[in-house]
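Written out below as structure tokens is the structure these notes cover.
The values are calculated or read from the model by the stated rules, or taken from the named source; none is laboratory data. Keep in mind the model is a prediction, meaning the values are calculated, not measured. Cβ: placed from backbone, ideal geometry, glycine included. Neighbour counts: every protein chain shown.
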Amino acid sequence: MENGATGSPRGALVVLEGLDRSGKTSQASGLLTYLEGQGLSAELWRFPDRNTCVGQMISSYLSNESELDDRTIHLLFSANRWEKRTLMESKLRSGTTLIVDRYSYSGVAFSSAKGLDIEWCKGPEKGLLAPDLVAYLDVPPEKAAERGGYGGERYEQLEFQKKVAQHYEMLHDLTWKTVDACLPMEEVAKQLREIVMDCVANCQKGKPLVELWQR
Ligand code: NYM
Ligand code: MG
């Protein structure tokens, strides 16, 4: 992607991805504290956003309180991102950096791991804002499973997570940076801070905002 000053200064769209128990949520909140400490405007977002009506349907599916067809739940996850798109763009354009715990890559990796066609899975994500950086917290599925156990939600099973890891690999593009999530937490945090600050600087210089999956 071009880094030239071709647009107005804006916040960065930073996405954290990885398997369940890869440490995304802890690292995302550490990053937010760091960015705010640097005097930057930043917010922590997460998908699914369980606070909306669509998010509540997703939440009840994940906790096995409801059953939904695989394509239906895929489209709900996507709708949950679409309902936040306008707000996301206005935050970024007003200079706020967003640290987002999971995004479209989770959508595609988890649904395609169930056997849905990967291109079909990308379809409804097209036109959402493309992240400036995807930090992939890389942890072997076996290691993740050992970390204090899973929370008992749908998908939190070793065999399925192995498939998800394979599907994540198919999604790597130029915006991805892989961080070894088996390193001590503070080392992971340090590496994340470096790549995120680099990305924030590029966005302040006016890196253009583009859409998924157009490149
Ligand atoms: N998940 C998350 C999907 O299957 N599709 C999506 O689009 C997103 C954003 O939801 N196991 C899955 C991945 C997780 C689960 O996320 C709930 P979290 O971050 O564990 O609350
Ligand atoms: Mg989880």
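Just a few scattered comments:
- Selection from the range 148-162 of residues that are near ligand 2 (Cβ under 10 Å from one of its atoms), under 20 Å from HIS74 (Cβ atoms) and out of contact with any helix residue (DSSP H, G or I) (no Cβ under 8 Å at 6 or more places or on another chain): GLU156
- Restricting the range 110-147 to residues that are of a type in the set (A, V, I, L, M) and more than 19 Å from LEU174 (Cβ to Cβ) leaves a set whose member that is farthest from ligand 2 (Cβ to nearest atom) is LEU116.
- Cross-chain or 6+ apart pairs with Cβ under 8 Å, the range 42-67 first and of a type in the set (Lys, Arg), then in a helix (DSSP H, G or I) and within 16 Å of ligand 2 (Cβ to nearest atom): ARG46/THR25; ARG46/ALA28; ARG50/ILE58; ARG50/SER59
- In the range 71-100, of all residues being part of a helix (DSSP H, G or I) and within 16 Å of ligand 2 (Cβ to nearest atom), the one that is farthest from ALA28 (Cα to Cα) corresponds to ILE73.
- Cβ pairs under 7 Å, 6+ apart, first in the range 146-158 and on the phi > 0 side of the Ramachandran plot, second assigned to a loop (DSSP other than H, G, I, E, B) and near ligand 1 (Cβ under 9 Å from one of its atoms): TYR155/ASP20
- Residues that are more than 16 Å from ligand 1 (Cβ to nearest atom) and at negative phi, drawn from the range 92-105: LEU92, ARG93, SER94, THR96, THR97
- So ALA135, is it crowded, with 16+ Cβ neighbours inside 10 Å, among the hydrophobic types (A, V, I, L, M, F, W, C), within 24 Å of SER29 (Cβ to Cβ) and out of contact with any Cys (no Cβ under 6 Å at 6 or more places or on another chain): yes
- Condition check for GLY107: closer than 25 Å to SER29 by Cα, within 16 Å of ligand 2 (Cβ to nearest atom) and more than 13 Å from the chain's Cα centre (by Cα): no
- Identity of the residue in the range 133-192, hydroxyl-bearing (Ser, Thr, Tyr) and part of a loop (DSSP other than H, G, I, E, B), that ends up modelled with the lowest pLDDT: TYR150
- Whichever residue in the range 1-30 is β-branched (Val, Ile, Thr) and within 13 Å of ligand 1 (Cβ to nearest atom) and, among such residues, is modelled with the lowest pLDDT: THR25
- The range 50-91, subset among the basic types (Lys, Arg) and either in contact with a Pro (Cβ under 6 Å, 6 or more places away or on another chain) or more than 12 Å from ligand 1 (Cβ to nearest atom) (or both), residue nearest to SER112 (Cα to Cα): ARG71
- Sole exception among (1) among the polar types (S, T, N, Q); (2) farther than 28 Å from GLU142 by Cα; (3) surrounded by 16 or more Cβ atoms within 10 Å (Cβ to Cβ) for SER22, by number: (2)
- Scanning the range 30-70 for residues that are out of contact with any helix residue (DSSP H, G or I) (no Cβ under 6 Å at 6 or more places or on another chain), assigned to a helix (DSSP H, G or I), more than 30 Å from GLU194 (Cβ to Cβ) and not aliphatic (A, V, I, L, M) returns CYS53, GLN56, SER59, SER60, ASP70.
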